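The values are calculated or read from the model by the stated rules, or taken from the named source; none is laboratory data. Values in this document were obtained by computation on a predicted structure and should not be read as measured data. Positions of Cβ are generated from backbone atoms using ideal geometry, with glycine treated the same way; all protein chains shown enter the neighbour counts. The area values use the complete protein model at the heavy-atom level, side chains included, leaving out ligands, DNA and RNA. Shrake-Rupley method; radii C 1.70, N 1.55, O 1.52, S 1.80 Å.
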Amino acid sequence: MHAYHVDKARRRFLLSTGALAASAALPHVLFARTGGSARLVVMILRGALDGLAAVPPYADPNYAGLHRTLAIAAPGVADGALALDNTFGLHPSFAFLYERYLAGELVVFHAVASPYRDRSHFDGQNVLENGLTKPVGSADGWLNRALAALPRGTGRPGERAVAISQNVPLILRGDTPVISKSPQATPDVDEDLLARLADLYSKDDWFSARLSEAVQTEKLADERSTQADAPAMTAPPAAPDRVGGVARMAAALMRSEGGPEVAVIEASGWDTHANQGGAKGALAQRLTGLDKALRALKDELGPLWQQTAVLVVTEFGRTAAVNGTQGTDHGTGGCALLAGGAVRGGRVIADWPGLARTALLDNRDLRPTLDLRSVFKAVLDEHMRVDAKTLASRIFPDSSGARPLQGLIRA
Amino acid sequence: MIQTEIAVLRFGLGARPGDLAAAAGDPRAWLMAQIKGAVPLAGNIPLALSDQIFTAVLAAREAAQEMKRESAGQSATATASASATASASATFSVTTPAAAPAFNPVRDAYLPHYRAQVLARAQSAALTTRPFAERLVHFWTNHFAVSADKGAVFGVAGTLENEAIRPHVAGRFVDLLIAVEQHPAMIAFLDNQYSVGKDSDLARLAARHEARSRMGGPRTTARDKPKREFGINENLAREILELHTLGVNGGYTQSDVTTFAQIITGWSIGGGKGRLAGGIPGRFYFRDNLHEPGAKTLLGKTYHEDGRGQGEAVLADLARHPATARFIATKLVRHFVADDPPPAAVERVARAFLKTGGDLPQVYAALIASPEAWDAEMRKFKTPEDFVFSTLRALNVSPSQPEEVVRSFDLLGQRQYTPGSPAGWPDTAKSWDGSDALMRRVLWASRVAGRYEQGLDPVDLAASSVGAYARAETVTALRRASSASQALALLLMSPEFQRR
C-alpha cells in the first residue's frame, strides 16, 4: 500500500533512530489489532497550538531566526528541547510525554494539518471535527460516525463514548447516542423530582431523550466517582487549568465496568497572539498542564493504558515567524501527538518541508505535508477496527487523498 | 393571545408578574417602544469605568513589582534595564489563568470589578422594563465578545458592554462598531495595543538606535538576546473581519487581514512610559508613532493615510457592506427565531440593514415584522443565561450578592463575560443540550426553588411566567407535586419554561 508520508519519514528515521525506525518498516499484517478492548481518547486543543514551540524543529536552519525569542533551544543547553532525533525535540515542559517517547509509546507528527486552509479558529475546528473538507455541510462529527461502525466492545450500548464537558462537542455529535459528564461535582438530584420530570417530559421527545441520558450518566458516574476531581464551586473566572481533573475523570469513567471506550477532552487557551514565551512563560505553563493531565490520565487508567491510544490535536498551527507582540498569529501546519500503551511509538513522522522562506505556505506558515485524516483513519482502522470501506465513505468522505498511515498501533 | 407571550418570552427576557398584561394590548408596539435611545443598566450597582479599573490594576501591579524587587534585593540597574516597551507591555500582558490562587495582584485588583459587573448585569436583566432592548444588549455583547478568562481583561470585560454597547444598541451599526473596536477592553483582548508598523516612527527610531550602537564600541549586556522585533499583530484585524463584520465567508483574504492590521496599528491604550507614554491611562489612544504610514488597499479600495481616521474609514465601509448585512441578519434571526434561520426572515432583515445603512432600530423593526418570528412553536432552547434571567423575572427577585450569580453561572456552564473565545457563546441548542448540562439545570432549579418557594403559588406563577404556553400536564404536575418547592422546580424545568 502506498503511504508516501510514512515512507519519507521512515527514510529519515532509518538514518536517525536506528532500531525503532527499522521496526516501522515491518509489514502491517504482522501487527494484531487492538480491537474489542481498545480505548481511544481524543484531546482537542482549541485555539491553535504553536507546533513549532511544542515540537521544536531545532535543527532547521531557519527556526531560531523566525521564532526568535519564542524558539526552544537545541537539546543539551539549559531549557533546551528534549531530543527526539537529530531534527526535532519536545518542549522542555513535556516531561511525561518524553518518558513515553523513550518508552516507545509516543508518535509525534509534524507538518500536519486538517484539510482546512484558511485561518479562522471556528471554521478550523469545524473541519477538524466534522471530518469533511469544508467547515459546513455536516451537523455531526467523524468520531460519532465512527461509533456507529465500531465492532462490539465492552461499553454499554448508548454509552460507548463520553464527552468530558457539560455539552457534547461537534466531533461527538450525531445519530449515535453519547454521554457528557463534566468533572465539577454535581450533588445528587432528588430522585422523586427526576421521576416527576420524566413524567412531565413524556410528551416531549427532545427533553425526554436528554433526561434519560442524564440519569444514565449519573448512575455510571456514581459507580465510579472520583474524589480527586471535585473542585469547589467558588472558583473565580480566572480559574486554574482544569484539564488535569478532566483527564482523570475520563480515565475513571473508562475503566469502570461497561464504561465508555471513547472519550473526548477539550482544553483551551492556546491562542498565543501575545507574550507567548519560550521555554518558560505563558505557553510553557499551558504545556506543563497538558503534560500533567496526560500523566494523570495514564495513572488513573492503570493497566488499561496498555489498550489505550490518546490523540492530541489542534485546529491549525501558527505563523513560523514571531509577530509584533511576542506571539504568533494563525497559521497552517502544526504538530499532533499519539500516545498510549497501544501505540507503536518512539518515532517522529514528518515529511519535513523546512522553514526556508520559499518553503513556507503563503510566505508565513509551516507547509503541511501530512493530512490529519491519515492519522485519524489509521487509529480508527488499526486500533478501533473500523472497516476501511466505511472509513473512506461515511466517516471521512472525500478523503481518498488521505490514505491511512500504517503501523501506528502495536501488536 | 400567544403573541403577547412571544413578545415577552422570545423577544424579551421572560415575564415578571404583570409583564404579560403590560404587553397584551399591542405586543409589537410594546417591543418597538423599547428600542429608542441608549439602554442604561437598571438596578443600583455603582460600577467603575474601564479607565479607572485599568489604572488601578496598573498601580497594583507596579506596587507588587516594587515589593518583589525589594524583597529580592535586586539592584536598581536590573530594574532600569527593562526597556520602556517591556514594562509597558507587561501592563496588559496575559497573566496566565493557569497560575495557582497564590498572590496575583492583577487578578486581585480585578476581582471586585468583575463581581460587581456580573451582579449589575443580573440585576439589570431582572429589573429592566425594556427587556427586549436588554436582550439586544446581550446579543451585541456576545457578537463583540471579549472573554474575561484572559487575565489581562478579566475585570474590564463587562465594561465593554456598559460603555460601548449600551449607548449604541439603538443607534447606527457603524457607531456601535467604532465604539467597540476602540474600547480598551477589545484592544487589550485582541492584542492590538502594541501592534507596530514596520515603517512606523518607533520601528525606524529603534533601527537607527540599533545601527548607532553597533558602530559605537563593544556591546555590554544581553549580547545573545535577540532584540525585540517590531511588527503587527493580526488578531484584532482578523476578528473584526471574520466575527464582527463580513463573516468568515465575507470575501476577504489573508492579505486583507494583514493590510487591515497595518491600518489599525497605533490603535492602542493610553498610559505607558518612555516612547510609549501618552494618552489618558486606560483610555483608547491612537499612537501615531506605532502606526504604519501610507495609503493602503483593502478589499480593492485604497485608503489614504489619515492616522486614526484610516481605520475608521475602513470600519465605516465594512459597516455597510452587503456581507456584513447578511452576517448580522443571520445571527439576529438565529437568536430570535430558530437555530436554522429561515432564509426569508434573514433576507428581510438584511435588506433593511442595507437599505438603512445599518440603522439598528429599523433593522430590529424588520425582525419584528417577520412572520417567522411569531411562529407559536417555541424553537429556541434557552441558554443558561436565558434560563437564569427568566427565572429571576418569573420569581420577581433581583440578586443582591455577586456570589450567588457567579456560582449559578459557574454551575450552569456560562460564566458571565467568559465565552472563552472571540466568537462568543454558541447560539444553538446543540451546544447547550448535553445530558450533564441538563442535570445541572435540574440541580439549580431545585436549589432556587428551595430558596424562593415561600409564599408562592406555583400554578399562579405558571400563569404569570409562561401564560398561554402552560401545558395542561404541567399544571397537573404542579398541583400533584409533593411540595411547593418541588412544584416550583418542575415549573422551571418544564419544556415551556426551558424554551422561548
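Hey, among A:64, A:48, A:78, A:71, which residue is touching a helix residue (DSSP H, G or I) at 6+ places or on another chain (Cβ under 6 Å) and either at pLDDT below 95 or within 13 Å of another protein chain (Cβ to nearest Cβ) (or both)? Result of the check over A:64, A:48, A:78, A:71: A:71.
The residue list B:443, B:411 contains one member that is over 24 Å from the mean Cα position of the chain (by Cα) and at pLDDT below 95, which is B:443. On the given criteria, is residue A:167 closer than 28 Å to residue A:257 by Cβ and within 9 Å of another protein chain (Cβ to nearest Cβ)? Criteria met by residue A:167. What about residue A:354, is it in a loop (DSSP other than H, G, I, E, B), closer than 20 Å to residue A:92 by Cα and at pLDDT 95 or above? Answer is no for this residue.
On the basis of being assigned to a strand (DSSP E or B) and farther than 26 Å from residue A:67 by Cβ, does residue A:309 make the cut?
Numbers: assigned to a strand (DSSP E or B): yes; farther than 26 Å from residue A:67 by Cβ: yes.
Yes: the conditions hold for residue A:309.
Flag: residue B:353 does not match the condition of being within 12 Å of chain A (Cβ to nearest Cβ), part of a helix (DSSP H, G or I) and at pLDDT 95 or above. Just a yes or no: is a residue in the range A:294-305 within 14 Å of chain B (Cβ to nearest Cβ), among the acidic types (Asp, Glu), over 28 Å from residue A:132 (Cα atoms) and not in a loop (DSSP other than H, G, I, E, B)? No. The range B:234-334 holds helices (runs of 4 or more DSSP H) entirely within its bounds, and those carrying 1 or more residues that are more than 22 Å from the chain's Cα centre (by Cα) map to B:254-263, B:308-319. The residue that is modelled with the lowest pLDDT, among those in the range A:207-223 that are more than 7 Å from chain B (Cβ to nearest Cβ) and closer than 19 Å to residue B:490 by Cβ, is A:215. Where helices (runs of 4 or more DSSP H) fall wholly inside the range B:458-500, the ranges with 1 or more residues that are in contact (Cβ under 8 Å) with a residue 60 or more places away in the chain and buried (at least 20 other Cβ atoms within 10 Å of the Cβ) are B:458-466, B:484-493, B:495-498.
Okay, residues lined up against (1) in contact with a His (Cβ under 9 Å, 6 or more places away or on another chain); (2) modelled with pLDDT under 80:
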position	(1), (2)
B:214	no, yes
B:218	no, yes
B:226	no, yes
B:229	no, yes
B:234	yes, no
B:240	no, no
B:245	yes, no
B:249	no, no
B:256	no, no
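Just to be sure before I move on: is residue B:98 surrounded by 15 or more Cβ atoms within 10 Å (Cβ to Cβ) and modelled with pLDDT under 85 in the structure I sent? Answer is yes for this residue. Which condition number in (1) at pLDDT 95 or above; (2) in contact with a Gly (Cβ under 9 Å, 6 or more places away or on another chain); (3) over 29 Å from residue A:146 (Cβ atoms) is the one that residue A:278 fails? Of everything listed in (1) at pLDDT 95 or above; (2) in contact with a Gly (Cβ under 9 Å, 6 or more places away or on another chain); (3) over 29 Å from residue A:146 (Cβ atoms), residue A:278 misses just condition (2).
For the range A:361-404, the set of residues classified as over 19 Å from residue A:344 (Cα atoms), open to solvent by less than 10 Å² (accessible area, probe 1.4 Å), of a type outside the set (S, T, N, Q) and under 20 Å from the mean Cα position of the chain (by Cα) consists of A:366, A:391, A:395, A:396, A:402, listed by residue number. Within the range B:270-291, restricting attention to residues that are among the aliphatic types (A, V, I, L, M) and either at pLDDT below 95 or out of contact with any strand residue (DSSP E or B) (no Cβ under 8 Å at 6 or more places or on another chain) (or both), the residue that is least open to solvent (accessible area, probe 1.4 Å) is B:276. All of B:391, B:302, B:356 fail the test of being open to solvent by less than 20 Å² (accessible area, probe 1.4 Å) and of a type in the set (S, T, N, Q), apart from B:391. Within the range B:425-457, being open to solvent by less than 10 Å² (accessible area, probe 1.4 Å) and not aliphatic (A, V, I, L, M) holds for B:434, B:435, B:436, B:440, B:441.
Within the range B:169-196, the residues that satisfy the criterion of being part of a loop (DSSP other than H, G, I, E, B), away from chain A (no Cβ under 14 Å) and either crowded, with 24+ Cβ neighbours inside 10 Å or touching a Cys at 6+ places or on another chain (Cβ under 6 Å) (or both) are B:169, B:183.
Being of a type in the set (Gly, Ala, Ser) and closer than 25 Å to residue B:135 by Cβ is a description that applies to residue B:338. The set of residues in the range A:175-186 being more than 7 Å from chain B (Cβ to nearest Cβ) and surrounded by fewer than 22 Cβ atoms within 10 Å (Cβ to Cβ) consists of A:175, A:176, A:177, A:184, A:185.
Residue A:121 meets the conditions (1) more than 17 Å from residue A:376 (Cβ to Cβ); (2) without any contact (Cβ under 8 Å) to a residue 40 or more places away in the chain; (3) open to solvent by less than 30 Å² (accessible area, probe 1.4 Å) in every case but one. The failed one is (2).
On the basis of being at pLDDT below 95 and touching a strand residue (DSSP E or B) at 6+ places or on another chain (Cβ under 8 Å), does residue A:344 make the cut? The answer is no for residue A:344. The residue that is farthest from the other protein chains (Cβ to nearest Cβ), counting only those in the range B:392-414 that are in a loop (DSSP other than H, G, I, E, B) and over 13 Å from residue B:448 (Cα atoms), is B:400.
Yes/no per residue for (1) within 9 Å of another protein chain (Cβ to nearest Cβ); (2) among the aromatic types (Phe, Trp, Tyr):
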{"position": "B:231", "(1), (2)": "yes, no"}
{"position": "B:242", "(1), (2)": "yes, no"}
{"position": "B:252", "(1), (2)": "no, yes"}
{"position": "B:261", "(1), (2)": "yes, no"}
{"position": "B:269", "(1), (2)": "no, no"}
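Checked against the criterion of being under 16 Å from the mean Cα position of the chain (by Cα), away from chain B (no Cβ under 14 Å) and under 27 Å from residue B:265 (Cα atoms), the candidates A:317, A:345, A:334 yield just one match: A:317.
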